[in-house]
1. Residues to consider are B:113, B:94, B:50; find the one that is in the same structural domain as residue B:150 (by TED's automatic domain parsing), outside any strand (DSSP E or B) and β-branched (Val, Ile, Thr).
2. What tally of residues in the range B:103-129 results from selecting those that are over 29 Å from residue C:238 (Cα atoms) and surrounded by 19 or more Cβ atoms within 10 Å (Cβ to Cβ)?
3. Could you count how many residues in the range A:186-198 are modelled with pLDDT under 90 and more than 22 Å from residue A:166 (Cα to Cα)?
4. Mind checking which residues of the range A:162-193 are in contact (Cβ under 8 Å) with a residue 40 or more places away in the chain, loosely packed, with under 13 Cβ neighbours inside 10 Å and within 23 Å of the chain's Cα centre (by Cα)?
5. Say we look at the range C:46-70 and pick out the residues that are away from chain B (no Cβ under 12 Å) and touching a helix residue (DSSP H, G or I) at 6+ places or on another chain (Cβ under 6 Å); which of these is farthest from residue C:132 (Cα to Cα)?
6. Here are some residues: B:202, B:241. Which one is within 23 Å of residue B:41 (Cβ to Cβ), modelled with pLDDT under 95 and not hydroxyl-bearing (Ser, Thr, Tyr)?
7. With respect to residue C:240, determine if the residue is outside the structural domain of residue C:41 (by TED's automatic domain parsing), crowded, with 16+ Cβ neighbours inside 10 Å and touching an Asp or Glu at 6+ places or on another chain (Cβ under 8 Å).
8. Look at residue C:202 and say whether it is under 30 Å from residue A:241 (Cβ atoms) and either surrounded by 14 or more Cβ atoms within 10 Å (Cβ to Cβ) or among the charged types (D, E, K, R) (or both).
Amino acid sequence: MKRISGQIAILTDFGLNDNYNGVMEAVIRKINPEAKITYITGNSKPFNLIAGAYLLYTSYKYFPKNTIFLVVIDPGVGTNRRPLIIKTKNYVFIGPDNGVLYPAIASEKIIKIIEIQNEKLYLAKTISNTFHGRDIFSVAAALISIGVEPDIFGNQLRYEDLTKLDFTYKSLGNEICGKILYVDHFGNIATSIPKEVLLNNFKYGQNVEIKVNNSKYKCRFVKTFGYGMENELLIYFNGYFMVEIGINKGSAKDKLNVREGDEICLEGYTQGDFSHSI
Amino acid sequence: MKRISGQIAILTDFGLNDNYNGVMEAVIRKINPEAKITYITGNSKPFNLIAGAYLLYTSYKYFPKNTIFLVVIDPGVGTNRRPLIIKTKNYVFIGPDNGVLYPAIASEKIIKIIEIQNEKLYLAKTISNTFHGRDIFSVAAALISIGVEPDIFGNQLRYEDLTKLDFTYKSLGNEICGKILYVDHFGNIATSIPKEVLLNNFKYGQNVEIKVNNSKYKCRFVKTFGYGMENELLIYFNGYFMVEIGINKGSAKDKLNVREGDEICLEGYTQGDFSHSI
Amino acid sequence: MKRISGQIAILTDFGLNDNYNGVMEAVIRKINPEAKITYITGNSKPFNLIAGAYLLYTSYKYFPKNTIFLVVIDPGVGTNRRPLIIKTKNYVFIGPDNGVLYPAIASEKIIKIIEIQNEKLYLAKTISNTFHGRDIFSVAAALISIGVEPDIFGNQLRYEDLTKLDFTYKSLGNEICGKILYVDHFGNIATSIPKEVLLNNFKYGQNVEIKVNNSKYKCRFVKTFGYGMENELLIYFNGYFMVEIGINKGSAKDKLNVREGDEICLEGYTQGDFSHSI
């Protein structure tokens, strides 16, 4: 086993008050004291797989090649959901088979998918039912960071066997419909609709109608939220090149009252044919 | 002084908004730029010695040998409470003599207890009255991480001289009584009663009566909270093998309205002899 | 380009729930995997330049020589505010020209001020309008950490050209007036009045009158808040040797209802000539 100075990126919903993230780091450092550990965040929305998947999907490409992603958003811990190691051309993804890894790995060239089954590679003979982040996933990340091969952890799975979680959108006539993927702490609402789709269908400055949860809202397509007037709903590309709804120095979330997973549709319209709800 | 790449684990109640944790790290890195710093948490409950002691006690064994624990939960800063360096067989613990280190070091083989008195090893000639985490404790941790001997910091104390903080429990007839040690951000309630005691007295599936703050509650002894019904109080071992009260996808804290330090008693009972309060 | 193990200190208002801080770290580690990254905080008050400037000003001197400060409190992102690299005798400061760097660099010997203009040193050919922390500032910090010279990034600016943000105070007869610079998470209120000014004008134990937002309050000048009675307003030097208002185990902020930027005046008085408001 060669000691390499592995980059490990952690994403959890453990929060920052308790010692769960710290203990995961401890387990890693006991195996690889030289690991370079970065948090995507240790405070992802609890049990929220779509939000976690979005944070991973929008982050991972910025990390160095060979970074190991250790993702513990795991509401099914202790049940029979499978723990995974997924080796792609550029990265390694470790986490539960509940969809949280799916959008990221679906964008990568997959080399191998392993189900972690080898109990000799657990933290201890007796492990907890509640903290597999420490007992299984951190150990796997640390061992891989020092050169252990994924095959030792268990048998291969096929891509088709994985639990899916898709960031999809579709065009229906004049409408483009997608999903709300993430509401950030400013109240900006990111959707599954990519930049190009908006650019192909709308022009800067054009009014766009949003339909979500049986309500309709009018917003304006702008280059960045700095162009918005007070309280004006705006639509633009966010820093991850996804279509986002926001308000300049305000919270679009408070206005639209939405959450991750809600369906959202966009449609261009001309002034006059629109009755603004709320 | 040999430069070694020391592992330092930080536990503070400074919170994550201000720059207090960052400045402690700065002081460490000025002395040992190669230090490997991990946070147990930088956001422990303010002034709460039991909560801090629990987070340290349940974390420290997962860290690599020779890790230096820098613990600054220090409501008595600026008064005459003693700053300590405690060297054990496997670790070094640095922090105030207010009990926060006690449960951890009481489980370790103690080599030496030093009271930090040598003002030449403070950050500056004039130090603050309010930030000994920066001015005394971080300097000590950093110096020890590069090989400075604890003896240089001051005189030895005896174990008996330390301020105690015990995580105890007792059996009284059919009752087992302990203390509430920690309420985590999910609302799970960890107690001072260890796994074995529960296993010796109760069977999986059995109903258990909880008495706390003059109220009684019924709960069920299960392997993990995944087995609980909606709103059902459960009792199980947590990830640190301590007895914990929780609710599946809910908050036991909201139901029991308890906090760290409260006494809690458990008693087995058979259906029919129980009048459920609230 | 020599690979050096650079110290980078990050200060942002991105918050700890989203992946913005993590992605900035990713960009740094892709360029310099060995960078030593410390957070002053990743959770500074959103869009609050005075608070951010205070956290930087009070922190930076504790960091090792040659630390690179990467400061992204940037409400003007995407507009024409200038991105800066400021090399001083001891440090490098990187961030927007909106005043947030000003109090720190005004205390240092400035070697060179560069406006980042070279688009070849951006993260990509097309960059976002909303996330220059990732696309411009992190890249600059990482490149400088591996030895790239600031001159390559753009042309020099003069100190006089910078956007100013001054931490000033003045004496007017018996009054000393300054600004509120920071309210920390305990509710302590730090001002722009330095330690010496208070010491020259008041004696320990003396009563001091505070005037702020058209209200007057009485407080007592003490060595540390541990000397305060319940609910008593105290005035003392904080850990950064600035004059601070606090309450022992309480929140001065809740009592005075102030925020960063408010003017505050102090005046000594003798019992009897004071009518306490509220």
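The values are calculated or read from the model by the stated rules, or taken from the named source; none is laboratory data. Bear in mind the structure is a predicted one, so any value in this text is a computation, not a measurement. No Cβ is skipped: glycine too gets one built from the backbone with ideal geometry, and neighbour counts run over all protein chains shown.
1. Selected residue: B:50, the only one of B:113, B:94, B:50 that is in the same structural domain as residue B:150 (by TED's automatic domain parsing), outside any strand (DSSP E or B) and β-branched (Val, Ile, Thr).
2. The total comes to 4.
3. Adding up the residues that qualify gives 1.
4. Listed by number, the residues that qualify are A:164, A:166.
5. It comes out as C:68.
6. Step by step, each of B:202, B:241 is checked, and only B:241 is within 23 Å of residue B:41 (Cβ to Cβ), modelled with pLDDT under 95 and not hydroxyl-bearing (Ser, Thr, Tyr).
7. no
8. The answer is no for residue C:202.
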